[in-house]
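Okay, structure first, notes after.
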Amino acid sequence: MRQKAVFFHAGCPVCVAAEQQVAEAIDRQRFEVEVVHLGEASARIAEARAAGVNSVPALVMQGQVFHINHGAALSDLG
């Protein structure tokens, strides 16, 4: 059974580059990857915050948050 990984981003150039490089590199046989654009799905900001996301782009997998570069603070999104 695949584990879930969630890639949160806001659509900025840093986020898009990270999505292309990091999220695409994840082993899809081990992880089901969901990409969440918080600019389009602002209702999920609370979910990202609860998972420990402080800034985007960020990848949440196996209960760990991996902040990638720094595109925008989560507090700036909502």
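FYI, it's all coordinate maths here, none of it is from the lab. Only a predicted model underlies this, so the values are computations on that prediction, with no experimental measurement involved. A quick note on method: Cβ atoms are made from the backbone with ideal geometry, for glycine too, and the neighbour counts reach across all protein chains shown.
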What helix-only [θ] at 222 nm does the chain give? Using -39500 (n - 2.57) per DSSP H run of at least 4, over all residues, to the nearest 500, the answer is -6000 deg cm²/dmol
The Rg/Rh figure for the stretch 10-66, Cα atoms and Kirkwood Rh, to two decimals is 0.94
Stretched fully, the stretch from residue 3 through residue 20 gains (0.36 nm per residue minus C-alpha distance, one decimal, in nm) 4.1 nm
GNM of the chain, Cα pairs under 10 angstrom: of 63, 11, 39, the biggest fluctuation goes to 63
Once both label points are put 7 Å beyond Cα along the C-beta direction, the residue 29-residue 49 separation in nm becomes 4.0 nm
Per DSSP loop assignment and a cutoff of at most 15 other beta carbons within 10 Å, the chain keeps its longest run without exposed trypsin sites (Lys or Arg not before Pro) at 31-78
Comparing 23, 48, 58 in a Gaussian network model of the chain (Cα, 10 Å), the one with the largest mean-square fluctuation is 23
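Loop only by DSSP, 13 or fewer other Cβ within 10 Å of the Cβ. Give me the GluC sites (Glu not before Pro) in the stretch 1-56 that pass, ordered by residue number. Intermediate results must be reported in sequence, preceding the final value.
Values: sites: 19, 24, 32, 34, 40, 47; in loops: 40.
Taking the stretch 1-56 and a limit of 13 other Cβ atoms within 10 Å, the loop GluC sites (Glu not before Pro) found are 40.
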So residue 61 and residue 40, fully extended at 0.36 nm per residue minus their Cα-Cα distance, gain in nm 5.4 nm
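So what is the relative contact order for the stretch 14-78, in percent, with contacts set as C-alpha pairs under 8 Å and at least six apart?
Details: 63 pairs, mean separation 21.3, N = 65.
In percent, rounded to a whole number, it is 33.
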